[in-house]
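Okay, structure first, notes after.
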Amino acid sequence: MPWDDRFEALLRAALPYLSPDEPLPPDAELVDLGIDSMAAVELLSTLEQAYDVRFPDDSLHRETFRTAGTLWSVLSRLFSQGPTP
């Protein structure tokens with residue numbers, strides 16, 4: 001499932017090594033694009049607010065933030081479950 005424009009904009013803002021005109025493929029390794037642990041925490045908070053979801057503790061690991069595609073997959077599952085109570 002392709003991600004939406006909001007996700008791409010928020011993710012791009014957290015990736016300092018990705019130029020604005022460079023494509024962001026689903027298999028892009030986020031570490032290679034400059035995300036670090038602090039940026040991942042900030043991105044997590046931003047995504048939770050933007051999509052009105054809460055990442056469960058069991059999804060807070062390196063694999064969730066490995067690629068753009070894996071992060072979107074986790075987020076879209078959470079989003080499809082509806083807003084957090």
Got a sec? Which residues in the range 1-27 would a label at Ser80 touch, if it sits 7 Å along Cα→Cβ and we count backbone N under 19 Å?
1-8, 26-27
Full-extension gain in nm, Asp5 to Ala50, via 0.36 nm per residue minus C-alpha separation:
15.0 nm
So, with a 1.4 angstrom probe, what is the percent of accessible area on the range 1-56 that is carbon and sulfur?
57
Can you tell me the accessible area per residue over the chain, all protein chains present, probe 1.4 angstrom, in square angstrom?
63
Per principal axis, descending, Cα span of the chain in whole Å:
37, 23, 19
Measuring from label point to label point, each 7 Å out along Cα→Cβ, what is the Glu29 to Asp58 span in nm?
2.8
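The values are calculated or read from the model by the stated rules, or taken from the named source; none is laboratory data. The structure displayed is predicted, hence computed values, not measured ones. Virtual Cβ from ideal backbone geometry, glycine too; neighbours counted across all protein chains shown. Ligands, DNA and RNA are stripped out before the accessible areas are found, and what is left, the full protein with its side chains, is counted by its heavy atoms. Shrake-Rupley method; radii C 1.70, N 1.55, O 1.52, S 1.80 Å.
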